[in-house]
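S.K.: Structure provided below as structure tokens; questions to follow.
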Amino acid sequence: MTIDTAPLIAKAHAQAEAAARAAAVTIRELTEPKDHAAAAEIFTRVWALEPGQSLMPTGLMRVMAYEGCYIAGVYDDTCGDRLIGAATAFLASDVEPRGGIHLHSHITGMLPEANGRHAGFALKLHQRAWALSRGLRRVTWTFDPLVRANAYFNMAKLGADATAYLVDFYGDMPDGVNVGQGSDRLLMSWALDSARTDVAANGTRIEPQIEPQNEESLLSANKVLLSGIAPGVMPDSGPPPDFGGPLLCATPAAIQTLRRDAPELARSWRFALRGALTGAMGRGYRITGFTRSGWYLLEQHEENERR
Ligand SMILES: CC(C)(COP(=O)(O)OP(=O)(O)OC[C@H]1O[C@@H](n2cnc3c(N)ncnc32)[C@H](O)[C@@H]1OP(=O)(O)O)[C@@H](O)C(=O)NCCC(=O)NCCS
């Protein structure tokens, strides 16, 4: 039976356009070399690159755009059509099951002065509509699990799933954000046609069903893999948690500030979070959510299925 995907695609475009209007931005595909050079400038600023460093050569963006990959720019409607963000994504083949194609989103960056106005949300919804229009059903990307804002953005605002923990995925990264900090990443998978993504695309947050008092009870019931939610503190793995049932795992407040001002503490968080998450995943846990206050929620497969 053929499923008519036209309504889903039309709705995804409408959701993307509504988000762009709300953020007062226009999002366009970038096709010309001068636009790719402008996008490269955005990445240089967002990742604090030194002269001569490049995350994404302009020639590569040019050929990717020409060959039908996703290269898009975010223009500020309130400031003379200025470019304030950009994203690049390429087509990738599924490992399992073989034969399928999805989109892998390699770089998404918004200028810091544009943060907080939901323009990044609008950009991801534009990418979703673009992918659905081309028959794609899934977007993957990686992000640093220590960055609270990105964890919340990916899981609660977009409704994407964390599917794997990748240790030191990119090796040593020379850019000003990542230098000396290892490059562990969570692999995200965004099911573009799921009910959960539709809810998120309407602007509803997908937050774990953990009430503040429930969070307290998990904390006091030895259900915490790692604590240290307050700013500037060392990660504390404490005694081994009581495995079975949901677990919480803290992330550091403001990891970027720690990396600048207390790089050893930032590195301690890298190793502590790596140990906590990979250890629990090795016991059959999955990351199923992220709270606004900075906790990963982990559940065992069956618990998650029961919901
Ligand atoms: C990730 C990024 C693209 C998001 O773009 P943005 O324009 O900031 O996104 P939005 O304004 O739509 O959403 C940002 C969200 O971050 C989250 N956030 C920000 N600060 C947070 C904090 N202290 N704690 C928890 N969540 C936080 C929130 O979900 C916030 O949305 P909200 O204010 O509606 O709750 C942008 O922040 C960015 O370029 N970051 C640097 C580069 C990067 O990390 N890129 C992604 C990996 S390639």
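S.K.: Only one residue in Ala266, Ala230, Ala254, Ala250 is on the phi > 0 side of the Ramachandran plot and within 16 Å of the ligand (Cβ to nearest atom), so which one is that? Reasoning before the result, please.
M.R.: Working: Ala266 fails: on the phi > 0 side of the Ramachandran plot; Ala230 fails: on the phi > 0 side of the Ramachandran plot; Ala250 fails: on the phi > 0 side of the Ramachandran plot.
Unique residue meeting the criteria: Ala254.
S.K.: With over 30 Å from Ala12 (Cα atoms) and assigned to a strand (DSSP E or B) as the only criterion, which of Leu226, Leu265, Leu219, Leu273 stands out?
M.R.: Working: Leu265 fails: assigned to a strand (DSSP E or B); Leu219 fails: assigned to a strand (DSSP E or B); Leu273 fails: assigned to a strand (DSSP E or B).
From the options Leu226, Leu265, Leu219, Leu273, the qualifying one is Leu226.
S.K.: Okay, next question. Answer yes or no: is there a residue in the range 207-217 that is touching a Gly at 6+ places or on another chain (Cβ under 9 Å) and modelled with pLDDT of 95 or more.
M.R.: Residues of the range 207-217 that are touching a Gly at 6+ places or on another chain (Cβ under 9 Å), as a first pass: 207-210.
From what's left, modelled with pLDDT of 95 or more: none.
Taking every residue of the range 207-217 in turn, none turns out to be touching a Gly at 6+ places or on another chain (Cβ under 9 Å) and modelled with pLDDT of 95 or more.
S.K.: State all residues of the range 218-245 that are closer than 20 Å to Glu264 by Cα and touching a Gly at 6+ places or on another chain (Cβ under 9 Å); if no residue qualifies, say none. Spell out how you get there, then give the answer.
M.R.: Narrowing the range 218-245 to residues closer than 20 Å to Glu264 by Cα: 226-238.
If the condition is that a residue be closer than 20 Å to Glu264 by Cα and touching a Gly at 6+ places or on another chain (Cβ under 9 Å), then Leu226, Ser227, Ile229, Met234, Pro235, Asp236, Ser237 are the ones that fit.
S.K.: If you don't mind, there's one more thing I want to ask. Step by step: first the residues of the range 70-81, then only those that are part of a strand (DSSP E or B) and over 20 Å from the mean Cα position of the chain (by Cα), then the one that is surrounded by the fewest Cβ atoms within 10 Å (Cβ to Cβ). Which residue is that? Show your work before the answer.
M.R.: Let us first name the residues in the range 70-81 that are part of a strand (DSSP E or B), namely 70-76.
Add one more test, that the residue is over 20 Å from the mean Cα position of the chain (by Cα), and what stays is 75-76.
Working: Tyr75: 18, Asp76: 20.
Going through the qualifying residues, I end up with Tyr75.
S.K.: Right, something else. Consider only pairs whose beta carbons are under 8 Å apart and that are at least six residues apart or on different chains; among these, list those whose first residue lies in the range 12-27 and is modelled with pLDDT of 95 or more and whose second residue is of a type in the set (Phe, Trp, Tyr) and not in a helix (DSSP H, G or I).
M.R.: Close Cβ pairs (under 8 Å, with a partner that is of a type in the set (Phe, Trp, Tyr) and not in a helix (DSSP H, G or I)) amount to Val25/Tyr75; Thr26/Tyr75; Ile27/Tyr75.
The values are calculated or read from the model by the stated rules, or taken from the named source; none is laboratory data. Remember, it's a predicted structure, so these values are computed and weren't measured experimentally. Cβ: placed from backbone, ideal geometry, glycine included. Neighbour counts: every protein chain shown.
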